[in-house]
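These notes are about the structure you will find just below.
The values are calculated or read from the model by the stated rules, or taken from the named source; none is laboratory data. Just so we're clear, the structure is a prediction, and the values are computed from it rather than from any experiment. Here the Cβ positions follow ideal geometry from the backbone for every residue, glycine too, while neighbour counts run over all protein chains shown.
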There are 4 protein chains.
Amino acid sequence: MSGNTFGKIFKITTFGESHGSALGGIIDGVPAGIKIDQTKIQAALDRRKPGQSAGGQANASVTARKESDKIEILSGVFEEKSEGTSIGFIIRNESQHSKDYSNLANTFRPGHADLSYFLKYGFRDYRGGGRSSGRETAVRVAAGEVARQVLEHFCPQIKITAYTQRAAGISIQKTDFSQIEQNALRAPDNYAAAKMNEKIEELRKNGDSAGGIIACRVTGLPAGLGECVFDKLDALLAHAILSIGAVKGIEFGAGFEAADLTGSTNNDIMRANSDGSKVEFLTNNAGGILGGISNGNEIFFRVAVKPVPSIFKEQQTVSIDENGKFHNENLKIEGRHDVCLCPRIVPVIEAMTAVTLCDLFLQNQAGRI
Amino acid sequence: MSGNTFGKIFKITTFGESHGSALGGIIDGVPAGIKIDQTKIQAALDRRKPGQSAGGQANASVTARKESDKIEILSGVFEEKSEGTSIGFIIRNESQHSKDYSNLANTFRPGHADLSYFLKYGFRDYRGGGRSSGRETAVRVAAGEVARQVLEHFCPQIKITAYTQRAAGISIQKTDFSQIEQNALRAPDNYAAAKMNEKIEELRKNGDSAGGIIACRVTGLPAGLGECVFDKLDALLAHAILSIGAVKGIEFGAGFEAADLTGSTNNDIMRANSDGSKVEFLTNNAGGILGGISNGNEIFFRVAVKPVPSIFKEQQTVSIDENGKFHNENLKIEGRHDVCLCPRIVPVIEAMTAVTLCDLFLQNQAGRI
Amino acid sequence: MSGNTFGKIFKITTFGESHGSALGGIIDGVPAGIKIDQTKIQAALDRRKPGQSAGGQANASVTARKESDKIEILSGVFEEKSEGTSIGFIIRNESQHSKDYSNLANTFRPGHADLSYFLKYGFRDYRGGGRSSGRETAVRVAAGEVARQVLEHFCPQIKITAYTQRAAGISIQKTDFSQIEQNALRAPDNYAAAKMNEKIEELRKNGDSAGGIIACRVTGLPAGLGECVFDKLDALLAHAILSIGAVKGIEFGAGFEAADLTGSTNNDIMRANSDGSKVEFLTNNAGGILGGISNGNEIFFRVAVKPVPSIFKEQQTVSIDENGKFHNENLKIEGRHDVCLCPRIVPVIEAMTAVTLCDLFLQNQAGRI
Amino acid sequence: MSGNTFGKIFKITTFGESHGSALGGIIDGVPAGIKIDQTKIQAALDRRKPGQSAGGQANASVTARKESDKIEILSGVFEEKSEGTSIGFIIRNESQHSKDYSNLANTFRPGHADLSYFLKYGFRDYRGGGRSSGRETAVRVAAGEVARQVLEHFCPQIKITAYTQRAAGISIQKTDFSQIEQNALRAPDNYAAAKMNEKIEELRKNGDSAGGIIACRVTGLPAGLGECVFDKLDALLAHAILSIGAVKGIEFGAGFEAADLTGSTNNDIMRANSDGSKVEFLTNNAGGILGGISNGNEIFFRVAVKPVPSIFKEQQTVSIDENGKFHNENLKIEGRHDVCLCPRIVPVIEAMTAVTLCDLFLQNQAGRI
């Protein structure tokens, strides 16, 4: 119960199923008097929508589902500034094709939340994933953009950038941020993105799907964010990022590779700058976090994204009959589905990172003496 | 601020620095009338202590620091049963060698929380890491054993087992749970453990240290644990586990490998059992969690542990002078230190897993109709 | 910051200003599978609206402002049952006469939140009270009706009844629940209500307003609700009720009169019933709560409601100029306003009581062994 | 469950039964670098102890039980300054006369939490009230003194003063703060206190007890504390104060008397000061709070305290037998007990007020732009 809230001071609470009439959320804890740019919130939502990340390549191979995400802000903003009160907003679901899903009412799709929801709640909203649908991430993106604007008010130099580092088995060879929005994969390497896209197109034709790895970098973040025991910066980011559907892992800095390093190779060497006013790190195996607290270095983490579970190949699975008995079943999923989630999860990771950092920043403010 | 609490219903709040007079905690939310076995709590603490995981090998190469961890339960338990009130307990620090650390008062150890604490709080408790010391995990282990006993009351078949899967570059070749406590590494493979130990001994002689990977498996957990959006089971476990010092990553099921799989190879196939009463999974790429909710399959996750940052080689670092200026410095750390943290983190991972699962179990109870 | 949430398991989060485009809320923690009757939610909202509590008397003297409160439930309910997910809903503001308030933009109304909001937030949403307007209680009433339905699922015999006990200096002489909805005051005594109404009408003609006292009784509540230290049942009810605008005090059972009693006259005598199966109380000075936990007796508390601050007499007050200087001012408020809030607060008190009890009931469920 | 924590940023969590080995608490959220004066914490505890409030009169008539309250601070303070980490502390119970209570093991004392605890938890720690004992307020007083020191760091002019306004039916006739610690009642009127004491002595001889009313005033508090909807300043204070055992009501400013006022007499008139730099109030019917937010005026509230339920007259009550059947019983309580709780609750009310204000102050800091 009650798992629909994230954050302590900057706090978001959300609602909405994929096929209900609307999704939405409440953002609590925005300080009063901060400029809230609604155009940028809409732009963030538009960027999350399918078909928005294309550069030279056709985007069609990556994703194929249509959604419209017009936000309506209902409270908390007056004359373009935050009022200090809670910001409520909704995003209508325009096309709820419930009929598309009726054949799934009694069948549990492999790799989806269908079975676990059924076992938890005793029944199931079979309309396209219900609350477990990726559709709920639209609300996160809107809240994340508000968080980013609040952070930017305090730290104008902050920059949160996520990108596809690997997809369908192909990795980027360079990290040119200017290319991220130039290709369908949101990869900072147009050439690698083209290769990924080819591979994804091949999988799509085969009725299959792809996973990938997303990296996220935060520059311009002050040192000192994160709390000392349970609310470490990395712990909270892990909570935030693993709460995104399809994410199966996270690692900070050297991450799993650190397991094979030794202390002398893993420790990041610190150097005083020329006038002794600050400390600089020669490496970043820690990912910018020591003891759970940002150390002034770039925050860096990597996220594992599983392949889309909705595929067009016939799959073995189970259904349930009216007496509550399970039966083996062969299932062929229809409709339109993403083939690789990476480019669409990129903005969601940025959003959840912004929400987490904004909350910790405001927590730090509370403790200033 | 206020990051010393974990959980919503089963809630632990902790305190204590490595060199203060005591550590301790308060466990809130234990239902009334559950048998609390204090002997087992002490046994869990003893298991976490250095020198307790040895089998055939000498443990000395892995860890070398002495601690005594006698727990004193001060409230909430009456005639061996929980009273439904908060359980307060303390663990005294017996030897607080503050003098050992005085040479570190102005120098920031690489790989430690020294600098980030200083930048956050404006000053520093230099006595051995203060609140960031691994010493605080003793409190987690005590609370975790209470959580395990509560869980066991409701699910007698539950079993949480963590173990070292890889250390100093060497992986286990088999998973024989009966061997975990037979070797200094807490690896389920005595032969591999011996190899790891050799490698660690070599690093120790070299003044260096090792990292590793810990795996954790939970069997006997009911399906349906975890909440649908932000408090997904994997998100909460990630929060819990990443809050342990030295942990740099977590992955569930196939984890980062899932990034390279396709939907058809990653989706776990479900089958009805013979009488249709339940669903079984043929594989476990999901790690027992779908849509953030346990699906009845084994919970499986892996954790990256960085090499111990305290090494005996001379390191480049910085110090601060009385005017707040940073200076470059060469540092040689003295004293006794662990060489590889894996065997000592194993019980902490089990503890935090128990705390997380217990909390979610009680949340599920709240929602029963 | 972040004060827009109430509850721990059954948790409501709300938003909305009096003159924004909508108010709304998110209810989290409703167990899955409970029948949610939307007609009753709308009925509860309709009952809160002005002009709905009239019996024989014209209601006009009590309140005079028009609002329409159509609820739109956006999520969390599927085929008339709760899904276990968060329930989002909105209530549109239909007539936002912002122009009515422009003359108040720089003047602080006595008895209102205008000045304290300004001093807190640094600026002010002058449109009719903004977030501090009584309009936000519509959201509480909707959430309260959901709480009541959840409680009723578990305790079908539960009954929460609030009523005006005193208004404009006149008290009820009897407590006939069947008369509550028969008069404009929501008093369980039509004759006293007529007297109150006369007095209120007189005040209205005089450009003045009235306060009163509301009582609340809960029958059919199980013993054992409330937590032992900070979350005592009376403490939580006090939090919930004092969070309603215009409420200035609360007392349980004998309340302030208990201050003058002695132990021997204040202690409620307990008697075993005839077959020894339960305990009955001969009196109820405790208001059904001992040690912060319901004892099985009727819950009884009384609430002080201040007179409506918006009056039509000229009042001395202050305004602020563009340089941030305060000036003395004479103010004459215009528009339509309630004269006595009691009948409109009655449903809000019932709602907040239901929310509090529902949350504590679900907390108790979490602890069942 | 989980009701042992209060506050959001400045957060206290407590434990301890009257006859366990110790009570204690954890204070989280204290900013780093604030001077923590342990002598004053001990002094606050000493002031709460019986026999410490005597001036000219013998205190014996008011209270008669011996306790020793030595605090041991275990963490979070280093070189007399807060470290920013959680502050853990314990207070030992020195004399746990469990035998005194054995005759009460199966009998439920009237006016106590015995029955409601039994009905909640299914069994009972009969040793002197267990967690419901007034003994737990020692922990609140310690935490409250820390809160006061933190508040004082930010607002050096803040002053929280509670005092007995009425006891055993006798009210003070003047409010001379300098006399509060000069009499056994903690009344700001030595003459009235002598009268109260006479009356209490008479009741004591009669085997009976007395209630009273405590007032609390806060000066020097900045405007702007309190949140707009559920966490109004008065709502949080009500929560905090009603969580103290024996408290049966609270009212702010004119409180229940406001129910009989009209808008024109209840509204506090505001005036600009001579240079227009601030607003002053001519009256304080609002108790310093408008719309749930402090308005710069003195905070004023009154608290109803019930008579001590432990009396020496024989009382009718019930007991329970081994088969779970209730029986009527006559009970004569023995041992030493307070006759009037007012002077001992005075420091607890100050403590809980400090905790509440400190938390809201830090929340405000979080939102500064």
Fill in the blank from the handout: Those residues of the stretch B:261-277 which are more than 7 Å from chain A (Cβ to nearest Cβ) and under 33 Å from the mean Cα position of the chain (by Cα) amount to B:Thr265
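Kindly check whether there is at least one residue in the stretch A:228-236 that is of a type outside the set (S, T, N, Q), at pLDDT below 95 and touching a strand residue (DSSP E or B) at 6+ places or on another chain (Cβ under 9 Å). Spell out how you get there, then give the answer.
So in the stretch A:228-236, the residues of a type outside the set (S, T, N, Q) come out as A:228-236.
Adding the requirement that they be at pLDDT below 95 leaves A:228.
If we keep only those that are touching a strand residue (DSSP E or B) at 6+ places or on another chain (Cβ under 9 Å) too, we end up with A:228.
Yes, there is a match, as at least one residue in the stretch A:228-236 is of a type outside the set (S, T, N, Q), at pLDDT below 95 and touching a strand residue (DSSP E or B) at 6+ places or on another chain (Cβ under 9 Å).
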Problem - Of the criteria (1) more than 7 Å from every other protein chain (Cβ to nearest Cβ); (2) surrounded by fewer than 24 Cβ atoms within 10 Å (Cβ to Cβ), which one C:Val303 fails - result: (2)
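Quick one: is D:Gly211 over 19 Å from D:Ala286 (Cα atoms), at the interface with chain C (Cβ under 7 Å from one of its Cβ atoms) and at pLDDT 95 or above?
Working: over 19 Å from D:Ala286 (Cα atoms): yes; at the interface with chain C (Cβ under 7 Å from one of its Cβ atoms): yes; at pLDDT 95 or above: yes.
Criteria met by D:Gly211.
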Exercise for the section: Confirm whether C:Ala184 is part of a loop (DSSP other than H, G, I, E, B), away from chain D (no Cβ under 14 Å) and in contact (Cβ under 8 Å) with a residue 60 or more places away in the chain. Expected result: yes
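If you go through the stretch D:205-237, how many residues are charged (D, E, K, R), closer than 17 Å to C:Ser133 by Cα and not in a loop (DSSP other than H, G, I, E, B)?
Within the stretch D:205-237, the first condition is being charged (D, E, K, R), and the residues that meet it are D:205, D:208, D:217, D:227, D:231-232, D:234.
Filter once more, keeping what is closer than 17 Å to C:Ser133 by Cα: D:227, D:231-232, D:234.
Restricting the remaining residues to those that are not in a loop (DSSP other than H, G, I, E, B) gives D:234.
Total satisfying the criteria: 1.
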Exercise for the section: Look at the stretch C:351-369 and say how many of its residues are surrounded by fewer than 24 Cβ atoms within 10 Å (Cβ to Cβ) and either of a type in the set (Ser, Thr, Tyr) or under 16 Å from the mean Cα position of the chain (by Cα) (or both). Expected result: 0
Completion exercise
The one condition D:Gly276 fails out of (1) within 30 Å of D:Arg204 (Cα to Cα); (2) surrounded by fewer than 24 Cβ atoms within 10 Å (Cβ to Cβ) is (1)
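Taking the stretch C:242-256, which residues are without any contact (Cβ under 8 Å) to a residue 24 or more places away in the chain and either closer than 19 Å to C:Arg140 by Cα or more than 7 Å from chain D (Cβ to nearest Cβ) (or both)?
Quick first cut of the stretch C:242-256, residues without any contact (Cβ under 8 Å) to a residue 24 or more places away in the chain only: C:242, C:256.
The answer is C:Leu242, and nothing else.
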Practice task
Please state which of the following conditions B:Thr356 fails to meet, knowing it meets all the rest: (1) touching a residue at least 12 places away in the same chain (Cβ under 8 Å); (2) farther than 28 Å from B:Pro188 by Cα; (3) not hydrophobic (A, V, I, L, M, F, W, C).
Solution key: (2)
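Across the stretch A:320-369, what is the number of residues that are part of a helix (DSSP H, G or I) and among the polar types (S, T, N, Q)? Lay out the reasoning, then the answer.
First, pick out the residues of the stretch A:320-369 that are part of a helix (DSSP H, G or I): A:342-366.
Pick out the ones that are also among the polar types (S, T, N, Q) and you get A:353, A:356, A:363-365.
Residues flagged as part of a helix (DSSP H, G or I) and among the polar types (S, T, N, Q) within the stretch A:320-369 amount to 5.
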Practice task
Considering each residue of the stretch D:255-273, count those that are out of contact with any Pro (no Cβ under 6 Å at 6 or more places or on another chain), surrounded by 20 or more Cβ atoms within 10 Å (Cβ to Cβ) and not hydrophobic (A, V, I, L, M, F, W, C), and give that number.
Solution key: 4
Completion exercise
Filter the stretch B:324-347 for residues that are more than 9 Å from every other protein chain (Cβ to nearest Cβ) and farther than 26 Å from B:Asp46 by Cβ; the one that is surrounded by the fewest Cβ atoms within 10 Å (Cβ to Cβ) is B:Asn330
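Residue-by-condition table, conditions (1) out of contact with any helix residue (DSSP H, G or I) (no Cβ under 6 Å at 6 or more places or on another chain); (2) within 18 Å of D:Leu119 (Cβ to Cβ); (3) part of a loop (DSSP other than H, G, I, E, B):
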position: C:His239; (1), (2), (3): no, no, no
position: C:Gly245; (1), (2), (3): no, no, yes
position: C:Gly249; (1), (2), (3): no, no, no
position: C:Phe256; (1), (2), (3): yes, no, no
position: C:Ala259; (1), (2), (3): yes, no, no
position: C:Arg271; (1), (2), (3): yes, yes, no
position: C:Gly276; (1), (2), (3): yes, yes, yes
Exercise for the section: Spot the failing condition for B:Thr356; the list is (1) closer than 30 Å to B:Gly111 by Cα; (2) more than 9 Å from chain A (Cβ to nearest Cβ); (3) touching a Ser or Thr at 6+ places or on another chain (Cβ under 9 Å), and only one is missed. Expected result: (3)
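Tally time: how many residues in the stretch B:279-290 are out of contact with any strand residue (DSSP E or B) (no Cβ under 8 Å at 6 or more places or on another chain), within 7 Å of chain A (Cβ to nearest Cβ) and either surrounded by fewer than 24 Cβ atoms within 10 Å (Cβ to Cβ) or polar (S, T, N, Q) (or both)? Lay out the reasoning, then the answer.
To start, the set of residues in the stretch B:279-290 that are out of contact with any strand residue (DSSP E or B) (no Cβ under 8 Å at 6 or more places or on another chain) comprises B:283, B:285, B:290.
Within this subset, residues satisfying the condition of being within 7 Å of chain A (Cβ to nearest Cβ) are B:290.
Okay, now just the ones that are also either surrounded by fewer than 24 Cβ atoms within 10 Å (Cβ to Cβ) or polar (S, T, N, Q) (or both), so none.
The number of residues fulfilling the criteria is 0.
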Handout entry: Residue count, the stretch D:137-181 (criterion: outside any loop (DSSP other than H, G, I, E, B) and within 21 Å of D:Ala304 (Cβ to Cβ))
Key = 15
Practice task
Please work out which residue is nearest to the other protein chains (Cβ to nearest Cβ), limiting yourself to the stretch D:1-28 and to residues that are among the polar types (S, T, N, Q) and in a strand (DSSP E or B).
Solution key: D:Thr13
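Quick one: which residue in A:Ala143, A:Ala162, A:Ala168, A:Ala138 is within 9 Å of another protein chain (Cβ to nearest Cβ) and touching a residue at least 60 places away in the same chain (Cβ under 8 Å)?
Details: A:Ala143 fails: within 9 Å of another protein chain (Cβ to nearest Cβ); A:Ala162 fails: within 9 Å of another protein chain (Cβ to nearest Cβ); A:Ala138 fails: within 9 Å of another protein chain (Cβ to nearest Cβ).
Criteria check complete, one pass: A:Ala168.
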